[in-house]
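The values are calculated or read from the model by the stated rules, or taken from the named source; none is laboratory data. Note that the structure is predicted; figures quoted are calculated from it, not measured. Backbone-built Cβ (ideal geometry, glycine too); neighbour counts: all protein chains shown. The accessibility values were calculated without ligands, DNA or RNA, using every heavy atom of the protein model including side chains. Shrake-Rupley method; radii C 1.70, N 1.55, O 1.52, S 1.80 Å.
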Amino acid sequence: MDENRRLSLQRSNELHAYGQDFLDKKKDIPLGIADPYLARYETMKAKILKELGASEENWNDWKWQMQNRIGSLELLEKILTLSDEDKKDIATVSEKYRWLITPYYLALADPENPADVIRRMSVPCIDELAESGIADPTGEEHTNPAGIITRRYPDRLILNVTNSCSSFCRHCQRRRNIRQADTDALASKIDESIEYIRQNTELRDILITGGDPFVLSDDFLEDIISRVRAIPHVEMIRIGSRTLVTLPQRITPELVRRLKKYHPIYLNTQFNHPIEITPEAKRACELLRDGGVSMGNQMVLLKGINDDEYVVRLLNQELLKIGVRPYYMFYAKNVIGTLHFRTPIRRGMEILEYLQGNTSGMAIPQYIVSAPDGLGKIPMNPNYFVREDDESITLRTWEKREVKVKK
Ligand code: SF4
């Protein structure tokens, strides 16, 4: 064997060991698109349909899903096993915070496990009543120059078109907006916002979000999108929606047909765990992709959900398989009622360090900490720079080997 082949095989063995480590770990991570979790979902779905006296056709209808969201303890305890303490806690938290879960999303839960990730992201927990944290840590209320706008950057802004969502996430970073009733933006506020965009010609990128804009009717949503698109200096429209995760039935051929008229349209969503990647989510992503909508994922780093490098790696690899590019990994903000989901900031950097080299660059999102007072996103990167002298700089590789690069 020549020396080159010998060295190549030696390296190949090292790389094989890294790869094998992930294959071993991923066996234990729940993934919604494969058994046994797919079979569990089908069982849960049948149970919920029976409780609601509904059909498969109902299940696939997003309006039925919205009308039949689960938000009562009486119904929830028929679907999940709840202890007396769980029930007492849910009732107590309900007095302060609203909760609603689509039948589809609840069907992804493990009914017997109180620590199940779907349950933690959707069922109220007593930790939400902790007093610490603030309602609006990034000062969105102070970045509202007109109507329903949040503006933090020179060339882009956000339109908050509704405070409603298909399911109310327990970790929601805009929790202050989820009041006791759903409120879509008033026509006068939309008019005022559109006029502001028209008058500020540096604005080229408009993000339509909420809440979740896909809970609006096709007509209402199209009216807003078409008016934004008609402004000559608007180059692109982005939509922020978690319905791909909590209500993928919302992505209908009719919705996609309407979106197609206003390209370029980008959709940012929020898958937080591989259990959320299901055949329904895949179908929704395929429809959007076929309609030319590019999709990105904005994961929120959450304690006990995805603060694990193997979970994030599997999530991001599976997302790429359904055409969603991992875009951001957000550090959870200091939002009142959600602090039990917070990790140390460093955890996100450790996860990025693991991803680098172990998986393709396309599966590596940017890790973001949001600055207080609306001062914008701060990208957080592991440091690969070691030192510098007159002739060279010393850098660290993904395997933590130091290498010298000549200047
Ligand atoms: S979908 Fe988004 S805005 Fe709505 S509750 Fe979940 S995280 Fe909050």
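Listed values, structure above:
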{"item": "Region 338-407 - Kirkwood radius from inverse mean 1/r over Cα pairs (Å)", "result": "14.4"}
{"item": "Å² per residue, accessible surface of region 254-397 at 1.4 Å", "result": "40"}
{"item": "Using a Förster distance of 25 Å, the FRET efficiency for Glu57-Thr81 (Cβ separation, nearest 0.05)", "result": "0.30"}
{"item": "GluC sites (Glu not before Pro) lying in DSSP loop within region 73-160, provided at most 11 other Cβ fall within 10 Å", "result": "Glu95, Glu112, Glu131"}
{"item": "Fraction of alpha-carbon pairs over 14 Å apart in region 238-285 - percent", "result": "51"}
{"item": "Neighbourhood charge, 14 Å Cβ-Cβ cut-off, centred on His340 and excluding it, Lys, Arg +1 and Asp, Glu -1", "result": "+2"}
{"item": "The chain: calculated mean residue ellipticity at 222 nm from DSSP helix runs of at least 4, using -39500 (n - 2.57)", "result": "-11000 deg cm²/dmol"}
{"item": "Pairwise FRET efficiency - Lys27 versus Val386, Cβ, R0 = 45 Å, nearest 0.05", "result": "0.80"}
{"item": "Positive minus negative residues near Arg313 (Lys, Arg vs Asp, Glu; Cβ under 11 Å)", "result": "-2"}
{"item": "Net charge over other residues, Cβ less than 14 angstrom from the Cβ of Phe214 (K, R count +1; D, E count -1)", "result": "-2"}
{"item": "Cα-based reach from Lys27 at 18 Å (exclusive), listing aspartates and glutamates while leaving out same-chain residues under 8 positions away", "result": "Asp35, Asp110, Asp116, Glu276, Asp307, Asp308, Glu309, Glu318"}
{"item": "Within straight-line cross-link reach of Lys50, lysines at Cα separation under 20 Å, skipping those fewer than 8 residues along the same chain", "result": "Lys63, Lys78"}
{"item": "Reachable lysines from Lys333, criterion Cα separation under 25 angstrom, eight or more residues apart if same chain", "result": "Lys96, Lys303, Lys377"}
{"item": "Percentage, to the nearest whole number, of Cα pairs in region 210-332 over 26 Å apart", "result": "21"}
{"item": "Å² of accessible area per residue within region 1-56, as computed with a 1.4 Å probe and no ligands counted", "result": "69"}
{"item": "Full-stretch length increase - Trp398, Lys50 - with 0.36 nm per residue and alpha-carbon distance subtracted", "result": "120.2 nm"}
{"item": "Solvent-accessible area, 1.4 Å probe, carbon plus sulfur percent, for the chain", "result": "51"}
{"item": "Accessible-area order (highest first, 1.4 angstrom probe) of the listed residues Arg152, Arg387", "result": "Arg387, Arg152"}
{"item": "At 0.890 mPa s and 25 °C, Stokes D of region 27-66 from Kirkwood alpha-carbon radius, µm² per second", "result": "219"}
{"item": "Heavy-atom accessible area per residue - region 60-209, 1.4 Å, Å²", "result": "43"}
{"item": "In Å, descending, principal axis extents of the Cα set of region 121-181", "result": "40, 26, 18"}
{"item": "Ranking by accessible area, most exposed first, for His16, His142 with a 1.4 Å probe", "result": "His142, His16"}
{"item": "Radius of gyration and Dmax over the Cα atoms of region 168-220, both given in Å", "result": "13.5, 38"}
{"item": "Unit charges on C-beta of K, R, D, E only; dipole of region 1-159, Debye", "result": "460"}
{"item": "Heavy-atom SASA rank of Glu280, Glu14, Glu388 (probe 1.4 Å, accessible area, largest first)", "result": "Glu388, Glu14, Glu280"}
{"item": "Computed accessible area, Asp84, all protein chains, 1.4 angstrom probe, square angstrom", "result": "120"}
{"item": "Cβ-Cβ FRET estimate between Ala187 and Leu375, R0 fixed at 22 Å, reported to 0.05", "result": "0.10"}
{"item": "Compactness index (Cα Rg / 2.2 N^0.38 Å), the chain", "result": "1.05"}
{"item": "Inter-label distance for Arg346 and Ala146, nm, one decimal - labels placed 7 Å from Cα along Cα-to-Cβ", "result": "4.7"}
{"item": "Kirkwood hydrodynamic radius over Cα pairs of region 1-120, then Stokes diffusion coefficient at 10 °C and 1.306 mPa s, in µm²/s", "result": "91"}
